Structures are given as C-alpha cells and as structure tokens.
Ligand SMILES: *Cc1c(COP(=O)(O)O)cnc(C)c1O
C-alpha cells in the first residue's frame, strides 16, 4: 500500500476547500482532476476507495490502456495535445477533451462522434499568456473559433481550458486566470447555440488555489497528488 498518494490527496483537498472558502465558493463548484499521466495504474487504484473518479491523462494511448484496466465509472479527462489521427481512439473514452484548439481538430472529433453516435464534450484551449511554446488559440480568436465549432453536429463546447506559465510565484498567474474568467463570461454572454460556457479548466499543482479564487471549475493536479514525474514529463509543449 502506498499511503502517500492518499495523504497527498487529503492535503490538496484541504487546500481546495480553503481556497473555495476564501473565494466564497461552494466546494462542489470545483472538480479536482487527479492527473495520473506517467503514473502506474496501481497508484490510481489507491485513490478509488476514497471516491476519486476524475483522472487526467495527456496521451491518448496511455488513457486508453488505463481505461481498459480500471473500473468503468472513472471519468477520463484528456488534457494533453490531441493529434487528429488519434481522435478515433479517444472520443468514446474521454468524458471531456480539454485541448481542442483548431477547427480542423474539432471537425475530426465531430466526424468520429457522428460515426460512434456520441456527442463529444470539449473545451477550447486558450493560450492566455501568449507563450510561444504552448498550444492553444489566442484569447482574441477564441470566440470566432467557438462560433465555427458550434455548427459541427457531434461536439459540444463546454468551456475553456488554459495552461498557465510555469512560475515560482503563483500570484504571477492570477492575471491570466482572471482574464480567462472574463473571456468565458464574455463568450457566455453571446449565447451561442450549442455552446455552454460552464467549465473553466485552469490551475495545476503550483497555482490551483489562485485559479480557484479566480473562478476555476476544474483544476488539474498531478505532482501534488502523485509526486514528481521524470524530467521532461512535466508538460507537453510544442518543443
Ligand atoms: C501534467 C499536466 C497537469 C498537471 O501538472 P502538475 O504541475 O503536475 O500538477 C495539468 N494540466 C496539463 C495539461 C498537464 O499536461
């Protein structure tokens, strides 16, 4: 038994609750996604008795392999960059694809959704800080992309996702989270058919408390729960 993972989760949970309290938000407005990428199935299993069901993976193949080995009531979130040729493997396994950032990708997802007769819930990934190395659309392009995606038959836009810069002081990311919330409210106000802007996926181990204070409804915590990953596996960027 690796008790560490459940202890880590309990610590994160306490901090999530405290952040919700500070922001005057209810704890059930925030879904904690345990990011299990690169970690073995046995560590995920440690968390199941406690009721954790939302897990995040950044690679399609790894998500599919783990999905096969673990109980069917787990909600698998695809949080990493998705290539069009991998779409067919994941549309009916992920509960939410967080990383759609082009019309071409959304079209591929929708086509596969039509084939499998499912409507695929997606988020639009936005590069809030304008980092060269990151995927995601520019904030000013999000609305027009969403308008185009909204016309596709088998995808359903649920909100936005961002990966904030890697910083030592999480306060540096507050502005990006606040801008993302503004963008979300703004697009929601346009009442685009077939689009609901209820999900804001933002905040990771280093900055999830600030993200909650600024309105995150999903936070993605890996290291804080499962411990460090091997070097180079922190994030999947374009390099
Ligand atoms: C790896 C990853 C996370 C989790 O990162 P930690 O810093 O370990 O919490 C969150 N979001 C995405 C998109 C990731 O790839």
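Laboratory data are not the source of any read-out in this text; all were calculated from the coordinates shown. What you see is a predicted model, and the numbers here were worked out from it, not measured in a lab. Counting neighbours? That spans all protein chains shown, and the Cβs are built from the backbone with ideal geometry, glycine included.
Table for the structure above
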read-out	value
Cα-projected label distance for residue 186 with residue 104, points at 7 Å along beta-carbon direction, nm	2.7
Most mobile of 214, 132, 62 in a GNM of the chain (Cα contacts under 10 Å)	132
Cα-derived Rg over Rh, computed across the chain with Rh taken as Kirkwood radius	0.94
Likely footprinting exposure, 35, 12, fewest C-beta neighbours within 10 Å first	12, 35
Convex hull of region 104-239 built on C-alpha atoms - directionally averaged projected area, nm²	8.9
Stretch gain in nm, segment residue 88-residue 69, where the contour uses 0.36 nm per residue and the Cα spacing is subtracted	4.9 nm
Percentage of interatomic Cα-Cα distances in region 36-161 larger than 22 Å	36
Cα pair count fraction exceeding 19 Å, expressed as % - region 5-67	37
Cα-based convex hull volume of region 84-126 per residue, rounded to whole Å³	59
Efficiency of FRET between residue 198 and residue 14 - r from beta-carbon atoms, R0 22 angstrom, step 0.05	0.30
Per-residue Cβ neighbour rank within 10 angstrom, fewest leading, 110, 42	42, 110
Residue of 23, 164, 129 that the Gaussian network model of the chain assigns the largest fluctuation, springs spanning Cα pairs under 10 Å	23
Cβ-based exposure ranking for 119, 205, 52, in which fewest neighbours within 10 Å come first	119, 205, 52
